[in-house]
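Take a look at the structure below.
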């Protein structure tokens with residue numbers, strides 16, 4: 001579980017963007033919707049050549065989760081969906097997070113600067129909250145990040161209507177996607193992933209924080225939703241968003257006890 005900071009990345013062979021949408025949202029309306037990762041199609045994964053995938057294996061627990069005492073609050077691990085690559089967990093710490101800074105245009109406009117700074121403060125607070133349970137590190141460049149968080153709507157996704165005709169999906173206020181890539185480390189090539197989070201700034205600070213907290217939960221490995229409003233990963237926004245709950249952390253710990261193909265070297269052919 002060494003830090004990737006000093007390793008040189010070389011992307012070889014395949015790299016696939018897995019457009020798995022998580023949270024839906026309307027214009028300044030505190031509703032994400034009720035979509036679940038398992039409800040969304042993933043046609044690209046079916047086309048991936050998987051004969052070089054690493055075997056499913058478990059990584060050691062990070063110390064912050066190893067010392068977490070699972071409480072009687074329970075969890076919602078049964079709602080976390082593994083993929084063909086296993087569970088979406090990180091194996092190298094700290095996980096590096098890039099938060100989009102102020103742009104030149106925002107710095108030149110009082111309203112935009114204030115809006116953007118409110119967004120930055122909310123996102124960084126969410127990072128600090130999750131850092132109690134998994135080691136996270138803010139970085140200054142998107143290129144070195146494992147998770148990048150952008151201050152805008154996600155790119156529109158091409159969907160199909162009930163008749164099978166293509167159409168553009170609607171804009172979301174918050175969304176998380178990930179991609180797989182090969183990373184050269186030492187003498188082997190490893191299967192890794194990288195997350196992208198898009199979060200619009202035109203929301204009240206309370207809901208910005210809730211959305212950032214929720215999306216980071218997905219990016220850290222909770223690829224599913226809770227059915228209880230008292231959890232940060234509840235499937236819909238609520239009037240008074242909760243902080244990270246014991247159930248959220250219990251679920252995260254169970255995820256990190258599971259096998260994955262991520263973080264292991266590719267099989268040789």
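The values are calculated or read from the model by the stated rules, or taken from the named source; none is laboratory data. Everything quoted here is computed from the prediction, not taken from an experiment. Cβ coordinates were reconstructed from backbone atoms using ideal geometry, including for glycine residues, and neighbour counts include every protein chain displayed.
Okay, residues lined up against (1) modelled with pLDDT of 95 or more; (2) within 19 Å of residue 131 (Cα to Cα):
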{"site": "8", "(1), (2)": "no, no"}
{"site": "17", "(1), (2)": "no, no"}
{"site": "50", "(1), (2)": "no, no"}
{"site": "70", "(1), (2)": "no, yes"}
{"site": "91", "(1), (2)": "yes, yes"}
{"site": "99", "(1), (2)": "yes, yes"}
{"site": "104", "(1), (2)": "yes, no"}
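Only residues in region 100-121 that are at negative phi and in contact (Cβ under 8 Å) with a residue 24 or more places away in the chain count as the first member; pair them with residues that are assigned to a helix (DSSP H, G or I) and exposed (fewer than 15 other Cβ atoms within 10 Å of the Cβ), Cβ under 6 angstrom, at least 6 apart or cross-chain, and list the lot.
From region 100-121, the pairs are 118/205.
Determine whether residue 190 is closer than 18 Å to residue 88 by Cβ and more than 18 Å from the chain's Cα centre (by Cα). Break it down into steps so the answer makes sense when it comes.
Details: closer than 18 Å to residue 88 by Cβ: yes; more than 18 Å from the chain's Cα centre (by Cα): yes.
Taking the combined requirement at face value, the residue satisfies it.
Quick check on region 102-121. Is at least one of its residues out of contact with any helix residue (DSSP H, G or I) (no Cβ under 7 Å at 6 or more places or on another chain) and buried (at least 20 other Cβ atoms within 10 Å of the Cβ)? Walk me through how you get there before you give the answer.
Residues of region 102-121 out of contact with any helix residue (DSSP H, G or I) (no Cβ under 7 Å at 6 or more places or on another chain): 103-104, 108-111, 114-115, 117, 120-121.
From what is left, the residues that are buried (at least 20 other Cβ atoms within 10 Å of the Cβ) are none.
No, region 102-121 has no match at all.
Give me the residue from region 243-269 that is in a loop (DSSP other than H, G, I, E, B) and touching a helix residue (DSSP H, G or I) at 6+ places or on another chain (Cβ under 8 Å) and, out of that set, surrounded by the most Cβ atoms within 10 Å (Cβ to Cβ). Can you show your working first?
Here is the first cut: in region 243-269, the residues in a loop (DSSP other than H, G, I, E, B) are 243-245, 256-258, 261-264, 266-269.
Filter once more, keeping what is touching a helix residue (DSSP H, G or I) at 6+ places or on another chain (Cβ under 8 Å): 243-244, 256.
Numbers: 243: 12, 244: 20, 256: 25.
So the residue we want is 256.
Determine whether residue 235 is modelled with pLDDT under 95 and touching a strand residue (DSSP E or B) at 6+ places or on another chain (Cβ under 8 Å). Walk me through how you get there before you give the answer.
On the way: modelled with pLDDT under 95: yes; touching a strand residue (DSSP E or B) at 6+ places or on another chain (Cβ under 8 Å): yes.
When the stated conditions are applied, residue 235 passes them.
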